[in-house]
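Only the coordinates and a few stated rules stand behind these numbers; no lab work does. This one's a predicted model, so the numbers in the text were calculated from it and none came from an experiment. Because the Cβ atoms are built from the backbone with ideal geometry, glycine has one as well, and the counts that use them run over all protein chains shown.
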Protein chains: 2
Amino acid sequence: MTEVNRQILLASRPQGAASVDNFRLVETPLKLLADGEVRVRNHYLSLDPYMRGRMNDSKSYAQPQPLDEVMIGGTVGEVVESNNAKFAAGDKVVGMFGWQEFGTSDGKGIQKVDTTHVPLSAYLGPVGMPGVTAWYGLNRIIAPKAGETVVVSAASGAVGTVVGQLAKLAGCRAIGIAGGEEKCRYVVETLGFDACVDYKAGNLYKDLKAVTPDGVDGYFENVGGEVLDVTLARMNAFGRIALCGMIAGYDGAPLPLKHPALMLTQRLLVQGFIVSEHMDVWPEALKQLGTLVATKKLQYRESIAQGIENAPEAFLGVLKGKNFGKQLVKLI
Amino acid sequence: MTEVNRQILLASRPQGAASVDNFRLVETPLKLLADGEVRVRNHYLSLDPYMRGRMNDSKSYAQPQPLDEVMIGGTVGEVVESNNAKFAAGDKVVGMFGWQEFGTSDGKGIQKVDTTHVPLSAYLGPVGMPGVTAWYGLNRIIAPKAGETVVVSAASGAVGTVVGQLAKLAGCRAIGIAGGEEKCRYVVETLGFDACVDYKAGNLYKDLKAVTPDGVDGYFENVGGEVLDVTLARMNAFGRIALCGMIAGYDGAPLPLKHPALMLTQRLLVQGFIVSEHMDVWPEALKQLGTLVATKKLQYRESIAQGIENAPEAFLGVLKGKNFGKQLVKLI
């Protein structure tokens, strides 16, 4: 029996906003497994804002996603067949197989994970790339001291949830910015942030000021645009900004920064980063994050779309902030 | 005989651009010197862009200059009378006496300087605050490696001249940005920069690109506005920007940054700083800079206005880039 692998390819590059037309579903028969190879049935696909950048054919921090190839992306799944001594059927693995139901590897680029205390999908969230992203930006760039105020935008997202909770564990005042009352309530009531500002309420500066009476010492930026302008205006002297994402500008319209001189007058440190360039911190970060998840000290939430065919629409939702927590696609 | 001290006070705060009307010259009789006090005849007053920020009554990195008080500023001069055992008539000192002909101190805030090998005025330039500013931003923020490309704006100014020459001494490619052919020629021919781009020629991006074929690794920013936009677009991955001044926006119109997302996509470090907050580096920096000036390895140039009454106009010239090298006012 030849199994079929359903895959999503990048069909065309967006002109302005990305749309479902930029993607194409194909069905590809699985090839026989060669010697040394491992076949993985992907259980979850991770959808992340960075993917939008890869869809453009422009200078960015990574190679563009090639047209007519499987969209890149992180996956977790189970080994279903192995011609490699290092892996056995039943092993749970994390990898970068992209938007498809099956992945084939020569054993490189996949790591076995232990799902005894940590659910498989968490390796795409708090114990995966988003978690390490949060950990790096907070600990290595913002490096907050107890008592300082840390703000994070996209606070209910995969990265933001971890940033704020780690900041609380470090003794900081943690303030979220999120879109909508429901997300804000979750951030405060479930995650334990001190406050969360709803940017959709239309009073962003006033509302942020009200919950940051001592100003802002650290800002973890996932959004850009107005949210960055406003938070910049609340920064204290010697504040640190970890620039992780600027999703507000991913659809092509360049968003200016209104008052860059604040970086000078407040003597700010601004550092852009991409976590895959700091592999040295991953073991330490993943160990801490795994322990926190296993002991329920780190909460997280997932938005789960069902089936590879729904990945494009779910991804467009991420770009518009429709997801609530880590966006995954369940593939089985 | 009662001597008269001519002083320039801040008479009013600028509405928009600063003008000579914002200043007032007064003549104040010198008081008798009290016990422990030192009287200094100022020889040179330093005029610096940061003074423009002090003229506003707004949140900045320093207290606003109070109205109807002597404008702040660095000075060098000679002790003419001393009731303090630590100073004797004839001592040359550097201090912060501001825009006036005489200064009186209880001995604090003035330091004796050695003019055997370094001219007195140089302690307001390459061996003073501007020199240490250049030293700090280059060595502690940009931290360039030999072979890297370092760009500095306001390249013929008091800070810029030192940045580029120190970058050359560190084995870097040094590129200046300055206004006008004459300044650019000086920067290349006298100071030894590899190239200098004339921003007044109207082709800033194209001209900068032509002289930075390998991109830009370090940028020392004194100007802001278009110059920052353009240089940002030439930054290499992991570039560092020392944000020292944004003189283009000092007259009140906030200048946006067009493409802040470049800080993320190129994983840049941007650090605003003010050198007076890093007093720990001054001894090391001044020692190096003094040696370089004494041995003629560091060139510098001065624009000298004559007489305290001409300080306001000379200062306005600095804000418009009319000075060529360090702007001083000779007071004697």
Taking the C-alpha atoms of segment A:62-157, convex hull volume expressed per residue in Å³: 163
About its Cα centre, how strong a charge dipole does segment A:129-276 have in debye, to the nearest 20, once Lys and Arg get +1 and Asp and Glu get -1 at the Cβ? 340
Toy charge model, Lys and Arg Cβ at +1, Asp and Glu Cβ at -1: chain A dipole around Cα centroid in debye, rounded to 20, equals 740
Can you pull out the trypsin sites (Lys or Arg not before Pro) in segment B:116-196 whose DSSP state is coil and whose Cβ has at most 12 other Cβ atoms within 10 Å? B:Lys145
Output, in nm with one decimal and in ascending order, the distances from the A:Pro66 label point to the matching label points of the other copies (7 Å from Cα along Cα-to-Cβ). 7.1
What's the longest piece of chain B with no exposed GluC sites (Glu not before Pro), counting a site as exposed if DSSP puts it in a loop and it has at most 16 other beta carbons within 10 Å? B:70-332
Quick one: grab the alpha carbon gyration tensor of the protein assembly as shown, order the square roots of its eigenvalues as a ≥ b ≥ c, and give me rounded if a/c is under 1.5, else prolate or oblate depending on whether a/b is larger than b/c. prolate
Evaluate the charge dipole of the protein assembly as shown about its Cα centre and quote only its size in Debye, nearest 20, assuming +1 on the Cβ of each Lys and Arg and -1 on the Cβ of each Asp and Glu. 300
Can you give the average number of partner chain beta-carbon atoms within 10 Å of each beta-carbon in peptide A:267-277, as a whole number? 6
Name the trypsin sites (Lys or Arg not before Pro) in segment B:231-332 that are in a loop by DSSP and that have at most 16 other C-beta atoms within 10 Å, would you? B:Lys296, B:Lys297, B:Lys320, B:Lys322
Tell me, what is the FRET efficiency for A:Lys31 and B:Ala237 to the nearest 0.05, using R0 = 56 angstrom and their Cβ-Cβ distance as r? 0.95
Given only helices, namely DSSP H runs of n ≥ 4 each adding -39500 (n - 2.57), what is the per-residue ellipticity at 222 nm of the protein assembly as shown, to the nearest 500 deg cm²/dmol? -6000 deg cm²/dmol
Qualifying trypsin sites (Lys or Arg not before Pro) for segment B:1-44 [loop in DSSP, other Cβ within 10 Å: at most 14]: B:Lys31
Cα-based helix-to-principal-axis angle, A:158-169 vs chain A, degrees rounded to 10: 50
In terms of the Cα gyration tensor, with a ≥ b ≥ c the square roots of its eigenvalues, is segment B:129-276 rounded because a/c is under 1.5, prolate because a/b exceeds b/c, or oblate? rounded
Viscosity 1.002 mPa s, 20 °C: Kirkwood-radius Stokes-Einstein D of segment B:46-102 over Cα pairs, µm²/s: 164
In chain A, what percentage of the DSSP-assigned beta bridges are antiparallel, given to the nearest 5? 55
Work out from phi, with θ = phi - 60° and the Karplus expression 6.51 cos²θ - 1.76 cosθ + 1.60, the ³J(HN,Hα) of each residue of segment B:121-132, listed in order in whole Hz, and give x for Gly and Pro. 5, 5, 6, 9, x, x, 10, x, 4, x, x, 5
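Using only the Cα atoms of segment B:87-133, build the gyration tensor, take square roots of its eigenvalues as a ≥ b ≥ c, and label the shape rounded, prolate or oblate: rounded if a/c is under 1.5, else prolate if a/b is larger than b/c, else oblate.
Since a/c reaches 1.5 but b/c is at least a/b, the shape of segment B:87-133 is classed as oblate.
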For B:Glu148, the residues 5 or more places away or on another chain with a placed amide H closer than 5 Å to its own amide H are B:Arg173
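List the relative contact order of segment B:129-276 as a percent without decimals, with contacts defined as Cα pairs under 8 Å and 6+ residues apart.
Once normalised by length, the contact order is 23 percent.
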For B:Val281, A:Val94, B:Val162, B:Val40, ascending order of other Cβ atoms within 10 Å (fewest first) is B:Val281, A:Val94, B:Val40, B:Val162
Which aspartates and glutamates have a Cα lying under 20 Å from the Cα of B:Lys287, excluding residues fewer than 8 positions away in the same chain? B:Asp91, B:Asp114, B:Glu277
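For the residues B:Cys244, A:Cys172, what sequence is obtained by ranking on other C-beta atoms within 10 Å, fewest first?
A:Cys172, B:Cys244
Would you mind ranking B:Tyr44, A:Tyr205 so that the residue whose beta carbon has the fewest other beta carbons within 10 Å leads the list?
A:Tyr205, B:Tyr44
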Using the basic label-point model (7 angstrom from Cα toward the beta carbon), what is the A:Lys297 to B:Glu284 distance in nanometres? 3.7
Whole-number percent relative contact order across chain A, with pairs defined as alpha carbons under 8 Å at least 6 apart: 18
Taking every DSSP beta bridge with both residues inside the protein assembly as shown, roughly what % is antiparallel (nearest 5)? 55
With everything on Cα atoms, drop me the angle between helix A:282-294 and the longest principal axis of chain A, reported from 0 to 90° to the nearest 10. 90
Taking R0 as 51 Å, what's the FRET efficiency between A:Gln15 and A:Ala88 from their Cβ-Cβ distance, rounded to 0.05? 0.65
Going by a 4.7 Å Cβ-Cβ cut-off, which cysteines of chain A have no partner at all? A:Cys172, A:Cys244
Taking amide hydrogens as modeled 1.01 Å from N in the peptide plane, which residues meet the under 5 Å criterion relative to B:His43, leaving out close sequence neighbours? B:Val76, B:Gly77, B:Glu78
What residue among A:Leu45, A:Pro126, A:Val80 has its Cα farthest toward the positive end of the dipole of chain A, where the charges are +1 on Lys, Arg and -1 on Asp, Glu, each on the Cβ? A:Pro126
Less than 30 Å apart at the alpha-carbon level, and either on another chain or at least 8 residues along: which lysines does that give for A:Lys31? A:Lys86, A:Lys92, A:Lys108, A:Lys112, A:Lys330
Which listed residue (A:Ile8, A:Val93, A:Leu289) has the Cα farthest towards the positive end of the charge dipole for chain A, taking +1 on Lys and Arg C-beta and -1 on Asp and Glu C-beta about the Cα centre? A:Leu289
